[in-house]
Ligand code: PHE
């Protein structure tokens with residue numbers, strides 16, 4: 001007989017806030033607003049909401065149920081359903097291991113911005129040409145090694161390491177219970193303030209920009225465009241809810257048997273979507289107000305790291321305070337997400353190789369440090385040209401991002417649906433979901449989605465990653 005050690009557990013609130021902490025991250029604060037602005041405002045939001053409540057909900061339920069039922073991290077959890085399926089668990093563990101280094105590298109950039117604002121130098125970050133940002137990520141004119149991004153990355157990843165090292169109750173739960181409510185208060189405050197700002201130069205107000213965000217824009221909408229919006233929303237939903245990377249399985253394994261799963265899932269969805277909506281509510285109108293329609297075109301990093309400092313600058317001297325609060329908020333969001341990534345890998349090493357938390361987390365940290373260093377150095381012009389560009393033609397950060405989000409995640413998610421829907425069976429999953437006799441009104445959606453619709457949608461996402469839909 002296998003020896004049983006008591007597994008760590010979250011309190012009911014701790015579970016919700018830790019899972020919401022994982023879900024709320026850079027995706028909510030940065031990618032959601034950008035996609036909403038690009039994809040027809042209210043139309044994107046509407047599609048996104050429908051997807052979260054059906055597709056995302058089904059996958060999240062599957063993962064949490066699998067975790068709580070087996071009380072194991074991904075590899076062992078899938079192994080429990082059938083030895084053949086262990087590889088799905090490995091897939092789900094490799095993904096966070098690959099995401100940690102680049103997520104923490106971006107976390108480092110955010111720390112640098114927060115530090116700049118907190119020390120009263122926020123105006124230095126205002127640079128429309130992107131020079132400040134380039135320095136922050138380590139692009140040097142002469143190809144010398146930039147130490148700053150490495151230092152900030154190191155600080156961010158080490159903070160993550162310390163919290164995971166402290167454990168489920170004393171580290172992750174404590175951090176989530178403190179950071180998430182503060183995050184919520186800050187974002188509501190900024191949303192309230194930013195709604196009423198006005199640009200004295202152009203005369204535009206944020207309120208005028210609000211319609212771009214909220215009113216569905218059907219102008220020039222074709223079927224192909226519509227499908228592309230749906231695909232954008234699906235990919236975003238997936239990433240935002242931290243699905244298919246072993247996290248919800250791992251966190252589910254720490255969920256108390258007497259906590260209500262349906263209720264917790266509702267709360268996580270509400271938290272994650274609420275923060276994304278608020279982030280869009282802040283960014284789309286203010287960027288429109290201070291930078292006009294062209295400003296809304298800023299994609300990728302330039303929205304947060306180049307456009308927003310200009311927006312804060314436009315708000316006058318109080319803008320510096322808002323900027324500081326904003327980047328602190330982003331640190332909290334990114335930190336709780338990175339914690340969940342590190343925990344998923346650590347828990348797998350603990351369970352699979354029977355190691356202590358201490359040893360497991362140190363191994364995870366060491367791997368993250370090495371790959372993270374390579375990610376940071378990837379921006380070094382000289383090293384990049386000599387070693388990487390010739391091989392890949394892309395940035396290391398972007399390659400890792402593509403490999404995980406566009407390639408591995410859809411595959412792991414399809415397999416998760418198959419294992420939960422057909423091998424383990426939705427009936428068994430439902431038993432776990434309703435263990436304490438809870439009502440589960442979305443039961444039919446869960447069953448139909450997991451067994452039939454989600455795998456097909458995921459397959460379409462996968463094909464889209466290879467550019468099949470233009
Ligand atoms: N869900 C997080 C976000 O929205 C991203 C994330 C990805 C978190 C992977 C953990 C793991 O930014």
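Laboratory data are not the source of any read-out in this text; all were calculated from the coordinates shown. Just so it is clear, the structure is predicted and the values come from calculations on it, not from any experiment. Positions of Cβ are generated from backbone atoms using ideal geometry, with glycine treated the same way; all protein chains shown enter the neighbour counts.
The table that follows gives values for the structure above.
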| quantity | calculated |
| --- | --- |
| Length released on extending from residue 367 to residue 118, taking residue separation times 0.36 nm less the Cα-Cα span | 86.5 nm |
| Förster radius 41 Å - calculated FRET efficiency between residue 145 and residue 263 (Cβ-Cβ, nearest 0.05) | 0.20 |
| Tilt relative to the chain, helix 223-240 - C-alpha long axis, 0 to 90 degrees, to 10 | 70 degrees |
| Percentage, to the nearest whole number, of Cα pairs in the stretch 39-197 over 26 Å apart | 53 percent |
| For the stretch 2-464, alpha-carbon Rg over 2.2 N^0.38 Å | 0.95 |
| Gain on full stretching of the segment that runs from residue 422 to residue 170 - 0.36 nm per residue minus C-alpha separation | 87.0 nm |
| Shape parameters for the stretch 208-302, alpha-carbon atoms, Rg then Dmax in Å | 17.5, 51 |
| Enclosed volume per residue, in Å³, of the convex hull spanned by Cα atoms of the stretch 295-449 | 243 Å³ |
| The chain - mean residue ellipticity at 222 nm from DSSP helices (-39,500 (n - 2.57) per run, n ≥ 4, rounded to 500) | -21500 deg cm²/dmol |
| Förster radius 30 Å - calculated FRET efficiency between residue 468 and residue 355 (Cβ-Cβ, nearest 0.05) | 0.10 |
| Highest-first arrangement of 307-316, 241-250, where packing means the average Cβ count within 10 Å | 241-250, 307-316 |
| Between helix 409-418 and the chain: long-axis angle, C-alpha atoms, 0 to 90°, nearest 10 | 30 degrees |
| Segments 350-357, 417-424, 15-22, 219-226 sorted - mean Cβ within 10 Å per residue, highest first | 15-22, 417-424, 350-357, 219-226 |
| Alpha-carbon centroids, the stretch 218-261 and the stretch 76-127: separation in whole Å | 17 Å |
| For the stretch 26-140: relative contact order, % (alpha-carbon pairs under 8 angstrom, 6 or more apart) | 10 percent |
| The stretch 161-227 shape via C-alpha gyration tensor axes, a/c threshold 1.5 | oblate |
| Relative contact order of the chain, defined on C-alpha pairs under 8 angstrom at six or more residues apart (%) | 34 percent |
| Cα-projected label distance for residue 256 with residue 38, points at 7 Å along beta-carbon direction, nm | 4.3 nm |
| Stokes-Einstein D in µm²/s, Kirkwood radius over Cα pairs - the stretch 254-338 at 37 °C with 0.692 mPa s viscosity | 221 µm²/s |
| The stretch 242-290: Rg to Rh, with Rh as the Kirkwood radius over Cα pairs | 1.20 |
| Förster-model FRET efficiency, 30 Å R0, residue 452 and residue 53, C-beta, rounded to 0.05 | 0.95 |
| The stretch 108-204, Cα convex hull volume normalised per residue, Å³ | 127 Å³ |
